[in-house]
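Q: Below is a structure I'd like to ask you about.
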Amino acid sequence: MTTHYEAVIGLEVHAQLMTRTKIFCGCENRFGAPPNTLVCPVCLGMPGVLPVLNERAVELAIRAGNALGCDIRSRSVFARKNYFYPDLPKGYQISQFDQPVCEGGHVPLGDGRSIELTRIHLEEDAGKSFHPEGGGEHSLVDLNRCGVPLIEIVSEPVIRSAEDAYSYLVNLKRILEYTEVCDGNMEQGSLRCDANVSLRPVGTTTLGTKTELKNLNSFRATRLGIEAEIARQEKILTGGGTIRQETMQWDADRGVPVPMRSKEEAHDYRYFPEPDLPPLLLSQEKLRAVRDAMPELPDAKRERFQTEYGLREYDAGVLTDSAQLARFFETVVKHFPHADRAANFLMGPYLRLQKEQEGDDLLPVEPEALAQLLALEKGGAVSPAAGRQVFEAMVRTGKAPADLVKELGLEQISDDGALQTVVDEVLAANPEQVAEFLGGKEKVLGFLMGQVMKATRGKGNPGVLTPMLRASLEAKRG
Amino acid sequence: MDLTRATITEIAAALDAGSLASTDLVEHTLRETGRLEPEVHAFLHVRDRESLLREAKESDAARRSGGVTSPLAGIPVAIKDNICTIGTPTTAGSRILEGFQSAYDATVIEKLKAAGALILGKCNLDEFAMGSSTENSAYGPTTNPWDPARVPGGSSGGSAAAVAAGMAFTALGSDTGGSIRQPAALTGVVGLKPTYGTVSRRGLIAFGSSLDQIGPLARCVADAALVFDAIAGNDPRDATSADIATGSACDTLHDSIDTIRVGVPRQSWGEGLDAGVEASVRSALDQLGPAVAEITAIDLPLLEASIPAYYLVATAEASANLSRFDGVRYGLRDKQAGTLDEMYKRTRGHGFGTEVKRRILLGTHALSSGYYDAYYLRAMKVRRKIADDFARAFETCDVIALPATPTPAFPIGEQIDDPITMYRNDLYTIAANLAGLPAISIPCGLHDDTLPLGVQLMAPRFEESRLLRVASHWEAKLGTLGRPPRISANGGDAR
Ligand SMILES: [Zn+2]
């Protein structure tokens, strides 16, 4: 009889905090600057330098803890994690070990289930090493990222499938973005995921030997990587082999987990309390202040969108799916106070275009500009169909909607004489459909209307055209 | 005025009166340095004459226009070379930092400069402040101005020797387990280790971060108080810096001490204490007696245990603190290495001296998985108990008096291959570091009429004013030693 295995997965997610400066020095916390330009003696690990804790980083860690239902410790302790690597200037990383800032908590999976957390701790990011192709003996180090504040969110090993790991990450990212703790940009490494994966025979409770899977740099990589690692382990176990405790790296191009250099495994990090930083003490007042400044969480926002803007539950859900979209919507409505139309436009043309562009990011259009377009449409200056063309042009060019309407010649035509001419031409060009309509086939009206709109290049005012078309058809009954 | 003996207060008065100029101080210092350095080797770097004279002239001009308020203005100060200074090398006495130039000034340097002091140069030390003899410097030992065959103590041996020889008016040192007080005692000068957190550590190349403090070595207690007042104070760039206003130690220096109760630990008179040192300290206590309320015996039962506890805590911290010297960004890098690991090993293997490597290994071991509880954690427990012992002792006394060192200065080379004996030099000084207390060593006479000895005072945390006040009164009874006769300008042999 074959043994069936179940996966035991724990995730370690590193989230860069959205602070203005680094965690222990005054250098800017920013992605994309030229290498080694956001550095100072402190984050370069020069002799004699000392860390000074960024208060904002602490607040954001607490905020994350609040959003995820953690216990916030009134006293936590920083510790040195010792290892040598060129992108770690001090030869140790300042992290937290046995007394992290948050304990417990959970991440909802979105279907009523949730995954328990072990802890959240504060630490500093390391720099980045580059091993350029053809660089010969040389490697390069960029220390801009060194000292960027991180929280590491550690789940209990209670995730059972790659699918659940995926949901965990999606929901965690959403909460971190919502609370403005982390911008969630996995491509830029603001959010990074490592997975501990082991298998055990179904029905048993002892944990199998785990491997650590690193470099899961996207949702997709997380799912595929864990799936592949589970499959790899299952194959070994069913073949009678044993799993080696090792660190694997997900090779997204080849779609396989690859063992990292075995040296990486034997680390004794020799954690000990960081003597340069006193224990982090959090008063009740401080915790209250952080709680009071807490941004609205997704569930609360969805409910508010229903009550405040009268949106349907489904629409409110879509619009609050990401904090960015929700914020965009609210800004549009602030300038164009017709929430239903704004919601329709976002859920329709806006999200459709976003999807076509295959991004999760907002389209490059300011909410104020979209509000202007919707106002033009509402005022009759442009038809909804032409409005969509203007919107696409706005995304393309970044120009103002009023200018684009003129530039593209998309002013709405409401003039009876001009429209009647178009209607007459369309009816003359489609005698079959006219006959069908007159024979009782009402549906043909839609087709004819479409032809009329096409002939006006979307500019015809539907409010004028619809009765005009019907009247012209009726007139043909003679 | 004899500039080899004059106090800062006297010099400042002469500068104010116009009978002396800062340029005279620079000339004196450079002349004496030129004469004595070949033998003493207290300095790793003396700043160039032009820069010093330019700054001295600026200081004199500022004084003439009434722009000088600090008594340190215009006075050249020597700096231990583990304190970062712009414009000079900062080597920590190590090959691995040969020629290293700091991009910033330590907070204490900023403060000295703000007070108008001139930075004279950088003093020799045991590599990374690890040692009790200054023999562990990668750039050769410093000799004791009282006897060139003997060590000046350490690790601030260069700072102590520079002051003792009259080359410097005052100097900064650092004290992790006695590194200011022990060399001060062995060279016959005053050495103050302030309360942990009183003087900013920013810019001090870390050895044992939870123990290190910067402090002055000086010709007299009043000078030490002046320098202490100038460098103390909260520094928001040092998270371990205390945010406590302690007030000026100078202001209360001469207040009466007739209500002060002095505790003397019974454990002071134990095994290993040189008979001459004991006699000298007892005689000093006899002289203090009439000035204070009472002298009583107290107990510090863990004095002996302070040595192993210290050598675990300090080395554990050092093992991490010294990881940054990896050849990647600055300092020495071995160019022969073919791989990263090899580069680390060869750079650190060649860059660090024997004692530093010994302590990195010790500390690494103390933190290793499986040993952490037995070594590091246990040492931390002892450390807490020692602090508790002091707290209990200070319920019955106001200051504690004890020897500064178990012996006078020992011959160069005698203990260098015997670390356990060497570590015992810190027997009387370590406990103050473990408990974070302020402590001072002042001269209490000569051993066999040739070698200086020191007596030590400790006070509760942040009680520098009390500590310095008692020390000042005691010093008045004991007298200062002045410059060793053998090197004095008239008749001394400088070889
Ligand atoms: Zn920095």
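The values are calculated or read from the model by the stated rules, or taken from the named source; none is laboratory data. Because the structure is a prediction, the values reported are computed rather than measured. A quick note on method: Cβ atoms are made from the backbone with ideal geometry, for glycine too, and the neighbour counts reach across all protein chains shown. All accessible areas refer to the heavy atoms of the entire protein, side chains included, with ligands and DNA or RNA removed. Shrake-Rupley method; radii C 1.70, N 1.55, O 1.52, S 1.80 Å.
Q: What are the residues in segment A:139-178 that are outside any loop (DSSP other than H, G, I, E, B), more than 16 Å from the ligand (Cβ to nearest atom) and closer than 21 Å to residue A:38 by Cβ, if any?
A: Within segment A:139-178, A:140, A:151 meet the criteria.
Q: If you scan segment A:103-133, which residues turn out to be open to solvent by 60 Å² or more (accessible area, probe 1.4 Å) and among the basic types (Lys, Arg)?
A: Passing the criteria: A:113, A:128.
Q: Tally up the residues in segment B:70-109 that are of a type in the set (Ser, Thr, Tyr) and away from chain A (no Cβ under 13 Å), please.
A: Start the filter on segment B:70-109 by keeping residues that are of a type in the set (Ser, Thr, Tyr), which leaves B:70, B:85, B:88, B:90-91, B:94, B:102, B:104, B:107.
From what's left, away from chain A (no Cβ under 13 Å): B:70, B:88.
Of the residues in segment B:70-109, 2 are of a type in the set (Ser, Thr, Tyr) and away from chain A (no Cβ under 13 Å).
Q: Still on this structure, I have one more. Determine which member of the set B:106, B:114 is surrounded by 24 or more Cβ atoms within 10 Å (Cβ to Cβ) and either closer than 21 Å to residue B:158 by Cα or over 18 Å from the mean Cα position of the chain (by Cα) (or both).
A: Details: B:114 fails: surrounded by 24 or more Cβ atoms within 10 Å (Cβ to Cβ).
Going through B:106, B:114 in turn, the sole match is B:106.
Q: Looking at the structure I just gave you, is residue A:181 assigned to a loop (DSSP other than H, G, I, E, B) and open to solvent by less than 20 Å² (accessible area, probe 1.4 Å)?
A: Details: assigned to a loop (DSSP other than H, G, I, E, B): yes; open to solvent by less than 20 Å² (accessible area, probe 1.4 Å): yes.
In short, yes.
Q: Here is a follow-up. Looking at segment A:48-61, can you tell me whether even one residue there is over 18 Å from residue B:236 (Cα atoms), crowded, with 19+ Cβ neighbours inside 10 Å and within 15 Å of the ligand (Cβ to nearest atom)?
A: no
Q: Can we say residue A:95 is of a type in the set (S, T, N, Q) and either within 14 Å of the ligand (Cβ to nearest atom) or more than 23 Å from residue A:20 (Cα to Cα) (or both)? Lay out the reasoning, then the answer.
A: Numbers: of a type in the set (S, T, N, Q): yes; either within 14 Å of the ligand (Cβ to nearest atom) or more than 23 Å from residue A:20 (Cα to Cα) (or both): no.
Criteria not met by residue A:95.
Q: Just to be sure, is residue A:136 surrounded by fewer than 22 Cβ atoms within 10 Å (Cβ to Cβ) and either farther than 27 Å from residue A:21 by Cα or among the polar types (S, T, N, Q) (or both)? Steps first, please.
A: Working: surrounded by fewer than 22 Cβ atoms within 10 Å (Cβ to Cβ): yes; either farther than 27 Å from residue A:21 by Cα or among the polar types (S, T, N, Q) (or both): yes.
The answer is yes for residue A:136.
Q: Please tell me if residue B:185 is away from chain A (no Cβ under 14 Å) and free of Cβ contacts under 8 Å to residues at least 40 places away in the same chain. Full working, then the answer.
A: Working: away from chain A (no Cβ under 14 Å): yes; free of Cβ contacts under 8 Å to residues at least 40 places away in the same chain: no.
When the stated conditions are applied, residue B:185 does not pass them.
Q: I need the helices (runs of 4 or more DSSP H) fully contained in segment B:267-382, keeping only those with at least 1 residues that are within 14 Å of chain A (Cβ to nearest Cβ).
A: Working: elements: B:275-288, B:306-321, B:340-351, B:354-367.
Of the helices (runs of 4 or more DSSP H) lying wholly inside segment B:267-382, those with at least 1 residues that are within 14 Å of chain A (Cβ to nearest Cβ) span B:306-321, B:340-351, B:354-367.
Q: Further question on the same structure: With the structure loaded, tell me whether residue A:73 is within 30 Å of the chain's Cα centre (by Cα), assigned by TED's automatic domain parsing to the domain that holds residue A:206, within 16 Å of the ligand (Cβ to nearest atom) and open to solvent by 30 Å² or more (accessible area, probe 1.4 Å) or whether it fails that test.
A: Details: within 30 Å of the chain's Cα centre (by Cα): yes; assigned by TED's automatic domain parsing to the domain that holds residue A:206: yes; within 16 Å of the ligand (Cβ to nearest atom): no; open to solvent by 30 Å² or more (accessible area, probe 1.4 Å): yes.
No.
Q: A further question follows. Among the numbered criteria (1) open to solvent by 20 Å² or more (accessible area, probe 1.4 Å); (2) at pLDDT 95 or above, which single criterion is violated by residue A:226?
A: Going through (1) open to solvent by 20 Å² or more (accessible area, probe 1.4 Å); (2) at pLDDT 95 or above one by one, residue A:226 breaks only (1).
Q: Output the number of the condition that residue A:86 fails; it satisfies all remaining conditions of (1) away from chain B (no Cβ under 11 Å); (2) of a type outside the set (Gly, Ala, Ser); (3) away from the ligand (no atom under 15 Å from the Cβ); (4) buried (at least 16 other Cβ atoms within 10 Å of the Cβ).
A: (1)
Q: Does any residue in segment A:170-187 that is outside the structural domain of residue A:21 (by TED's automatic domain parsing) come within less than 8 Å, Cβ to Cβ, of a residue that is surrounded by fewer than 24 Cβ atoms within 10 Å (Cβ to Cβ) six or more places away or on a different chain, and which pairs are these?
A: The qualifying pairs do not exist here.
Q: Looking at (1) over 11 Å from the mean Cα position of the chain (by Cα); (2) open to solvent by less than 10 Å² (accessible area, probe 1.4 Å), find the lone condition where residue B:129 falls short.
A: Here residue B:129 meets the rest and fails (1).
Q: Can you tell me which residues in segment B:432-452 are without any contact (Cβ under 8 Å) to a residue 60 or more places away in the chain and charged (D, E, K, R)?
A: Hit for segment B:432-452 is B:449, nothing else.
Q: Ok, one more. Output the residues belonging to segment A:231-249 that are closer than 17 Å to residue A:12 by Cα and either not assigned by TED's automatic domain parsing to the domain that holds residue A:190 or not in a loop (DSSP other than H, G, I, E, B) (or both).
A: A:247, A:248, A:249
Q: Can you tell me how many residues in segment B:194-228 are within 13 Å of another protein chain (Cβ to nearest Cβ) and not in a strand (DSSP E or B)?
A: Qualifying residue count for the region: 14.
Q: Please identify the pairs in which a residue from segment A:40-66 that is over 23 Å from residue A:107 (Cα atoms) has its Cβ atom under 6 Å from the Cβ atom of a residue that is within 12 Å of the ligand (Cβ to nearest atom) and of a type in the set (Gly, Ala, Ser), counting only partners at least 6 apart or on another chain.
A: Taking only residues 6 or more apart or on different chains, the pairs are A:41/B:103; A:43/A:147.
Q: Hey, another quick one. Check whether at least one residue in segment B:229-250 is assigned to a loop (DSSP other than H, G, I, E, B) and closer than 27 Å to residue B:446 by Cα, and report yes or no. Break it down stepwise before answering.
A: So the first thing to find is which residues in segment B:229-250 are assigned to a loop (DSSP other than H, G, I, E, B), and the list is B:233-249.
Checking the rest, the ones that are also closer than 27 Å to residue B:446 by Cα come to none.
So far as segment B:229-250 goes, no, none of its residues is assigned to a loop (DSSP other than H, G, I, E, B) and closer than 27 Å to residue B:446 by Cα.
Q: Do we find a residue being within 16 Å of the ligand (Cβ to nearest atom), surrounded by fewer than 19 Cβ atoms within 10 Å (Cβ to Cβ), without any contact (Cβ under 8 Å) to a residue 24 or more places away in the chain and not aliphatic (A, V, I, L, M) anywhere in segment A:9-27?
A: Within segment A:9-27, one or more residues are within 16 Å of the ligand (Cβ to nearest atom), surrounded by fewer than 19 Cβ atoms within 10 Å (Cβ to Cβ), without any contact (Cβ under 8 Å) to a residue 24 or more places away in the chain and not aliphatic (A, V, I, L, M).
Q: Out of segment A:29-39, which residues are open to solvent by less than 30 Å² (accessible area, probe 1.4 Å) and within 12 Å of the ligand (Cβ to nearest atom)? If you could, list the steps in order and put the result at the bottom.
A: Of the residues in segment A:29-39, the ones open to solvent by less than 30 Å² (accessible area, probe 1.4 Å) are A:33, A:38.
The answer is A:38, and nothing else.
Q: Take segment A:393-451 and flag every residue that is under 24 Å from residue A:379 (Cα atoms), touching a residue at least 24 places away in the same chain (Cβ under 8 Å), open to solvent by less than 30 Å² (accessible area, probe 1.4 Å) and in a helix (DSSP H, G or I).
A: Selection gives A:394, A:395, A:401, A:405, A:419, A:422, A:423.
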